[in-house]
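The values are calculated or read from the model by the stated rules, or taken from the named source; none is laboratory data. Keep in mind that what you see is a predicted model, and the values were worked out from it rather than measured. Because the Cβ atoms are built from the backbone with ideal geometry, glycine has one as well, and the counts that use them run over all protein chains shown. Calculation scope for accessible area: heavy atoms of the full protein, side chains included, ligands and nucleic acids excluded. Shrake-Rupley method; radii C 1.70, N 1.55, O 1.52, S 1.80 Å.
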Amino acid sequence: MAFGLKSTETPAELTLEQRVNSAAAVAESARTLFEVAATDLETAAYEQALIRDAALAEAERLNDLALAADDECIRNAEAAAKIRALVA
């Protein structure tokens, strides 16, 4: 093949060793890709756990605020009733 011209010859069939080496390379590549995918999933799980923990903490804080608001509402209603009873 001179000057980048394509050969019209048919390539020889791969030897058994070449096919085994090729299959091994594909398997190694697949293994590497699965390792990367597993690492990505572990990272995502860790990040989701952080989000979950933050959301639970915020939910707890909001629940505490709701309970405090409920207590304040009851106190205000009781105070209003006492004032109305005094002025009635």
Subject >> Subset of the range 29-88 [acidic (Asp, Glu) and open to solvent by 90 Å² or more (accessible area, probe 1.4 Å)] >> reply: Glu35, Asp40, Glu42, Glu47, Glu60, Glu78
Original post:
For Glu17, are the conditions met, namely being part of a helix (DSSP H, G or I) and without any contact (Cβ under 8 Å) to a residue 40 or more places away in the chain?
Top reply: yes
